[in-house]
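Okay, structure first, notes after.
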Number of protein chains: 2
Amino acid sequence: MAGKIGLNVTQICLPRECTEDEIIEEVLKLNEDPRVHGVYLHLPPASLTNKCILYYTPMEGRTVLVVGGEGPLGVALQCLMQRRGMVVLHSRRSSEVLQKQVCTHRCMRAHTHIHLHMMSGVGPLTAALRMQNVVQSSSRWAQGQQYRPWTLRSLKLQPLSPVPSDIEISRAQTPKPVDQLAQEIGLLQEETEAYGRTKAKVRLSLLDRLREQPDGKYVLVAGITPTPLGEGKSTVVIGLVQALSAHLKLNSFACLRQPSQGPTFGVKGGAAGGGYAQVIPMEEFNLHLTGDIHAITAANNLVAAAIDARMLHEATQKDKALYSRLVPSVNGVRRFSPIQIARLRRLGISEIDPSALMPQEVSSFVRLDLDPAKVTWQRVVDTNDRFLRKITVGQASTEKGHVRETQFDIAVASEIMAILALADGLGDMKTRLGRMVVGSSRSGQPVTAEDLGVSGALAVLMKDAIKPTLMQTLEGSPVFVHAGPFANIAHGNSSVLADKLALKLVGEDGFVVTEAGFGADIGMEKFFNIKCRASGLRPNVVVLVATVRALKMHGGGPNVLLNAVPCHHWARGGRGSVELAQAVKQAGSQPSHFQFLYSQETPIVEKIRMIAQKVYGADDIELSPEAQAKIDYYNQQGYGKLPICMAKTHLSLSHLPEKKGTPTGFTLPIRDIRASIGAGFIYPLVGTMSTMPGLPTRPCFYDIDLDPVTEEITGLF
Amino acid sequence: MAGKIGLNVTQICLPRECTEDEIIEEVLKLNEDPRVHGVYLHLPPASLTNKCILYYTPMEGRTVLVVGGEGPLGVALQCLMQRRGMVVLHSRRSSEVLQKQVCTHRCMRAHTHIHLHMMSGVGPLTAALRMQNVVQSSSRWAQGQQYRPWTLRSLKLQPLSPVPSDIEISRAQTPKPVDQLAQEIGLLQEETEAYGRTKAKVRLSLLDRLREQPDGKYVLVAGITPTPLGEGKSTVVIGLVQALSAHLKLNSFACLRQPSQGPTFGVKGGAAGGGYAQVIPMEEFNLHLTGDIHAITAANNLVAAAIDARMLHEATQKDKALYSRLVPSVNGVRRFSPIQIARLRRLGISEIDPSALMPQEVSSFVRLDLDPAKVTWQRVVDTNDRFLRKITVGQASTEKGHVRETQFDIAVASEIMAILALADGLGDMKTRLGRMVVGSSRSGQPVTAEDLGVSGALAVLMKDAIKPTLMQTLEGSPVFVHAGPFANIAHGNSSVLADKLALKLVGEDGFVVTEAGFGADIGMEKFFNIKCRASGLRPNVVVLVATVRALKMHGGGPNVLLNAVPCHHWARGGRGSVELAQAVKQAGSQPSHFQFLYSQETPIVEKIRMIAQKVYGADDIELSPEAQAKIDYYNQQGYGKLPICMAKTHLSLSHLPEKKGTPTGFTLPIRDIRASIGAGFIYPLVGTMSTMPGLPTRPCFYDIDLDPVTEEITGLF
């Protein structure tokens, strides 16, 4: 039961010598803590004064239970309490009993452990007398944990003509306080973490609470032949959700990617939609948001610094010196850290006493022996900085001549971004971060982030980034903003977790509208074959933005909406998309027959060929010798079953940006192939794809300004 | 009146054709908006139905005034309402009248403008009848804006022995919800922006509200001879504040720097204090906090990308092409942006019609003519990445051979960090960002961030970073965390703004304890001569950590506490620092006679010599030819009056880290001199100072891990 409804089972423990006042204070604190649903208090009879009892009086929805005895009844009661999610103050002995059971109910993400030392208990009769009360209140609490119907209040829009600039429209609308929005869509108070007044991170514990809740309808918005400015799809997503929620009064949620600051200050400007179909406040959406991309940058560059520092240290130290530094004696004791024990396991060394390793084992433990020419990990910045496309590092005298050519990518191209977008929980993200391959050793073995000892730190840096950010549209409908991989050089879809949370929140009859980047040939193909494969989710409806072509291809299945449906969301907001919303609603009620384009078991070359032929319309593919060699290497390393993430221009179905329309009669050249083992895909490079955009002569930052008195921003559009 | 107490003057406007229901909805929304203190409603008589009147009934502390007439009385009433901070719904005509007046009262930081179109009004009698009510409620509201006495609730500490690890201690304490803490210390709800449950940014509007409030006592904690691990001072600051607030029951505030992630994952570990004197949750303090350093990194690197891209564009385009790109024709109109007009002014060009510039003017406008060898701006990362100490950029073929040697610094060494720490408001920060010198032209003229057109974007990127972050100590006392410049390579003090906000909040009898980085020779000297000069604040008490030496030097003045006072805050929390707190309280009650070590008018060389002789005990200084040439250049550019920020090792009073104690008989070599014009100081380089730390063989990330189930972090210490 506890596992199912996500009750909080927590042990609160007081020191043996604590005074009555201290106990009271502790209990008062519990009463104020929204994560505490009841207190089961095990106390010496002497402390049961009137004053105590007064304070222990149950608050609304919570219970303080005074109970005692360590005999069978006492333990039975405690177990019951635990199943009901009570907070238990109890003796050391029963603490141990509970500890075990607590470990089997790990839905209590936010709880605090404090270890307990208590004296003897009171009699079981006292306990029995209060039992009914406990059960009632915990049952009330359990009801509060169930799915909550929405009470969404739409924001009125009064569109002006001509349509003002995006930032003027955004500023003219007052967003609802984000805690109010969260309450309207059925989030519990403890499930959100506000970041300012208009953004909140949503905790993943929601997935536990609503585990039994059926998903809503899953709608994909994809496009074809985007312009270099990329407008269109996000605006359709937002307009559609505004129409569904504010006009058709259906629960609905938009899921969008967080934009990179590169384009924001470069050519494209903001990415929060446009006109009367926007996420607001658009400047919060376009700037730092809740810091996820910054966290990715920090994590990515910690790996990079660790790689170069490690190569230098290995090159300048003997095995023994390396070993004594990597496993130092602390107060006379040498011990492997858990991350190091994991590496020993991978090396097949079962010994965990540092002094017992054989010299050969020491050597293989301390030497990653990374080949500088085979480091595939790059540094990143979230800025369009073209001068970092190819650089030489290590030129200071302190690096003793260990120079190396490398590059910076834009932060959203980092494998860590792809992992954030594909992970289905904190544990999964941590595992993926650990298995990221950063290069290979001189003997050809892959070297991972875990080998570098950095995987725990990466998970720590990313612990908040994994929670999607809740915002709202101009009409007050909810939006998740989470992850932002580019679609040409990465898999181009917002996060699996945001979609999953939203599908639970909208309820069975609701709609979640998510977006695949760039054209259907890349964003949508990757949505189906990479994102859906990772998430296990299947779309019910696909909306194609712009002219419709022969696109019922990628595994067929979901209902493709023929967009003869006119949309005026840009000029009119949700009201302009009501027809589309009705069409989506209609399509969502029909069964869909989704299937993947290829099976994971298909060999790498065949998978690439299927995408090239069936999606791009190529005659065939042509592998460079490098690409062929990589395929052989990946097969040998056991990576052959990973899905394919093509890195291809988004401006043509082919590899040549200038070939518009539906080109035929071409052979797709595969220049090279790389692997994102943590993210879980193989990515072939088709033609020349830059992973670092540049700034134009007149970047949009020329127009961006801040009034220091009103704090109003101008020039973001 | 409005200007002084910060009343909200807002115009809410409805479309001419709105229905009664729409009006009611608008008014209901206003009633729920905490920023709205009253509504002055100007309506056609027809809408004054009973239903309307019912909804317009004043809520507690707010007033809805139904009033009309555009004659003299109507306008007079509106003006009165405006002075009282009322929200005014009124006709278009009076809207214009008010608009002007609103512009003269810009204390209403958080308000929203919506433009109004209304029909005729009701008679003035109706207005007069409700007048008294309005005045009463606005006066109630004005009272709420005054200084609020604290109601701080301390958290109980039960120190264990032996003392557990820092993260265990931090985790064992449940912090108060940050909104509760904010309320306890007299912050208004609208003055905070929560970031999660335990951190909140505090808005600078507080300084307006408490302008008339006298400052508390200002206490500086400085140290001498720090160990490379830097422990000591932060812990004293926190222990002292815990003692003052939780044990002596005096209002007090700690002001600390945000730690760089470089040391956190490198050698030092966390920087949130230690033992039972910590800021909690320590992992939140040590990781991304509220993203300020990330914002600095993004802003700093945008400048860097703009520099290299601009040099490339100037090198590859003729004047005409540059001009047509920099000032493009949009819908047939060419216009300079405000940032470009500012540049024209600096060039002495008064023309603002792009087509009217002479060819020579076009050329000087489009060409910054930056000398690649004289670019002083560096890129930054907040990672200990030694391989970026010296690099070559621009090696990709797309950069056409424009390679250049440069370097990355650690993010906290960025001039933008120094600006954040020294700015006294958003306007001041923006001005400083614009005047940052990034290098010089081939003709020797300084080139600024504003010349690059990027100053507005920088202010936008930094708009949230300028608000200090509120956290708490283990005993629940308030802490501001804000800015984090290193003290050896920068000025090493937390922000002026955090200190100013805290001094207002603690009230006249309260204490603000702030910290200067590293030893008194650098952190404290810079506190006096740079930070105090910028802020106008003067310390009342100085606490020196560690053995006391002959340190009543740097301008003398404030009471130097002889630390014979034993402290046990690490093992016992605030209770262990009560004696120190009493000594500080005593010292704070005595008058102080602060004076600067040097006058700004003193020539650069003399200022450096005074610091070297009077603070470090050097016999004299010795300038390299480069240093002498720079001094001549800075004097010529008018930078001679700036204060001095010595970049010197923190491990010795001299320039040689190995010289311990009080070295004498040495001459201080000044290798080079640089200038941070935006931050406002000249910084001489003494000996070799690295601006990028490295990772050791076994960085502390080996110990850092995250339990994906409990979300508990281990290994941060």
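The values are calculated or read from the model by the stated rules, or taken from the named source; none is laboratory data. Source: prediction; values computed, not measured. No Cβ is skipped: glycine too gets one built from the backbone with ideal geometry, and neighbour counts run over all protein chains shown.
Have a look at A:451, A:428 and point out the one that is free of Cβ contacts under 8 Å to residues at least 60 places away in the same chain and under 26 Å from the mean Cα position of the chain (by Cα).
Values: A:451 fails: free of Cβ contacts under 8 Å to residues at least 60 places away in the same chain.
One residue alone meets the criteria, A:428.
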**Report entry** Of residues in the stretch A:177-188 being out of contact with any Leu (no Cβ under 8 Å at 6 or more places or on another chain) and more than 23 Å from residue A:292 (Cβ to Cβ), the one nearest to the other protein chains (Cβ to nearest Cβ)
**Finding:** A:180
Report task. Filter the stretch A:287-312 for residues that are over 18 Å from the mean Cα position of the chain (by Cα) and polar (S, T, N, Q) and give the result. Result -> A:301
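Hey, could you check the stretch A:601-614 for residues that are buried (at least 21 other Cβ atoms within 10 Å of the Cβ) and either of a type outside the set (Gly, Ala, Ser) or modelled with pLDDT under 90 (or both) and say which is farthest from residue A:444 (Cα to Cα)?
A:611
Helices (runs of 4 or more DSSP H) wholly in the stretch A:565-613 with at least 3 residues that are of a type outside the set (Lys, Arg) and touching a strand residue (DSSP E or B) at 6+ places or on another chain (Cβ under 8 Å) - which ones?
Working: elements: A:569-572, A:578-588, A:604-610.
So the answer is A:578-588, A:604-610.
Okay, residues lined up against (1) surrounded by 24 or more Cβ atoms within 10 Å (Cβ to Cβ); (2) modelled with pLDDT of 95 or more:
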position: A:384; (1), (2): yes, no
position: A:397; (1), (2): no, no
position: A:406; (1), (2): no, yes
position: A:436; (1), (2): yes, yes
position: A:441; (1), (2): no, yes
position: A:449; (1), (2): yes, yes
Report task. Report whether or not residue A:392 is at the interface with chain B (Cβ under 9 Å from one of its Cβ atoms) and either surrounded by 20 or more Cβ atoms within 10 Å (Cβ to Cβ) or in a helix (DSSP H, G or I) (or both). Result -> no
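In this structure, does residue A:423 turn out to be touching a residue at least 40 places away in the same chain (Cβ under 8 Å) and within 12 Å of chain B (Cβ to nearest Cβ)? Give the steps one after another, and end with the answer.
On the way: touching a residue at least 40 places away in the same chain (Cβ under 8 Å): yes; within 12 Å of chain B (Cβ to nearest Cβ): yes.
Judged against the criteria, residue A:423 is a match.
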Query raised in the report: Got at least one residue in the stretch B:535-547 being modelled with pLDDT of 90 or more, polar (S, T, N, Q) and out of contact with any Asp or Glu (no Cβ under 8 Å at 6 or more places or on another chain)?
Result: yes
Query raised in the report: If you check residue A:403 against the conditions, is it out of contact with any Lys or Arg (no Cβ under 6 Å at 6 or more places or on another chain) and in contact (Cβ under 8 Å) with a residue 40 or more places away in the chain?
Result: no
Requested in this report: Quick one: which helices (runs of 4 or more DSSP H) lie wholly within the stretch A:285-384 and hold at least 3 residues that are at the interface with chain B (Cβ under 10 Å from one of its Cβ atoms)?
Outcome: A:292-316, A:319-326, A:338-346
Query - Candidate set from the stretch A:148-165 (those that are farther than 27 Å from residue A:213 by Cβ and touching a helix residue (DSSP H, G or I) at 6+ places or on another chain (Cβ under 6 Å)); member that is surrounded by the most Cβ atoms within 10 Å (Cβ to Cβ) - result: A:157
Report summary line: The one condition residue B:706 fails out of (1) closer than 30 Å to residue A:325 by Cα; (2) touching a Pro at 6+ places or on another chain (Cβ under 7 Å) is (2)
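Among the candidates A:268, A:318, which residue alone is of a type in the set (D, E, K, R), surrounded by fewer than 24 Cβ atoms within 10 Å (Cβ to Cβ) and either in contact with a strand residue (DSSP E or B) (Cβ under 7 Å, 6 or more places away or on another chain) or modelled with pLDDT of 95 or more (or both)? Walk me through it before giving the result.
On the way: A:268 fails: either in contact with a strand residue (DSSP E or B) (Cβ under 7 Å, 6 or more places away or on another chain) or modelled with pLDDT of 95 or more (or both).
Of the residues listed, the single one that is of a type in the set (D, E, K, R), surrounded by fewer than 24 Cβ atoms within 10 Å (Cβ to Cβ) and either in contact with a strand residue (DSSP E or B) (Cβ under 7 Å, 6 or more places away or on another chain) or modelled with pLDDT of 95 or more (or both) is A:318.
Out of all the residues in the stretch B:673-681, is one or more part of a loop (DSSP other than H, G, I, E, B), in contact with a strand residue (DSSP E or B) (Cβ under 9 Å, 6 or more places away or on another chain), more than 9 Å from chain A (Cβ to nearest Cβ) and modelled with pLDDT of 85 or more?
The answer is yes; a qualifying residue exists.
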Query raised in the report: Which residue, of A:685, A:656, A:642, is within 28 Å of the chain's Cα centre (by Cα), surrounded by fewer than 24 Cβ atoms within 10 Å (Cβ to Cβ), away from chain B (no Cβ under 14 Å) and outside any strand (DSSP E or B)?
Result: A:642
Query raised in the report: In this structure, does residue A:715 turn out to be away from chain B (no Cβ under 12 Å) and over 29 Å from the mean Cα position of the chain (by Cα)?
Result: no
Report task. Give B:478, B:446 a once-over and let me know the one that is more than 14 Å from every other protein chain (Cβ to nearest Cβ), touching a residue at least 12 places away in the same chain (Cβ under 8 Å) and in contact with a helix residue (DSSP H, G or I) (Cβ under 8 Å, 6 or more places away or on another chain). Result -> B:478
**Report entry** Condition check for residue B:415: away from chain A (no Cβ under 14 Å) and of a type in the set (D, E, K, R)
**Finding:** yes
Query raised in the report: Name the pairs whose Cβ atoms lie under 8 Å apart, with the first residue in the stretch B:153-167 and away from chain A (no Cβ under 11 Å) and farther than 10 Å from residue B:573 by Cβ, the second part of a loop (DSSP other than H, G, I, E, B) and modelled with pLDDT of 90 or more, and 6 or more positions between them or separate chains?
Result: B:163/B:276
Query raised in the report: Identify, please: which residue in the stretch B:688-712 is surrounded by 23 or more Cβ atoms within 10 Å (Cβ to Cβ) and of a type in the set (A, V, I, L, M, F, W, C) and is, among those, farthest from the other protein chains (Cβ to nearest Cβ)?
Result: B:692
Query - Hits in the stretch B:659-672 - residues which are among the basic types (Lys, Arg) and part of a loop (DSSP other than H, G, I, E, B) - result: B:659, B:660
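Which of the residues belonging to the stretch A:190-212 are in a loop (DSSP other than H, G, I, E, B) and facing chain B (nearest Cβ under 10 Å)? Full working, then the answer.
Step one: list which residues in the stretch A:190-212 are in a loop (DSSP other than H, G, I, E, B), which gives A:196-198, A:203-204, A:210-212.
Of everything in the stretch A:190-212, those that are in a loop (DSSP other than H, G, I, E, B) and facing chain B (nearest Cβ under 10 Å) turn out to be A:196, A:197, A:198, A:203, A:204.
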Requested in this report: Could you tell me whether residue B:243 is assigned by TED's automatic domain parsing to the domain that holds residue B:421 and among the aliphatic types (A, V, I, L, M)?
Outcome: no
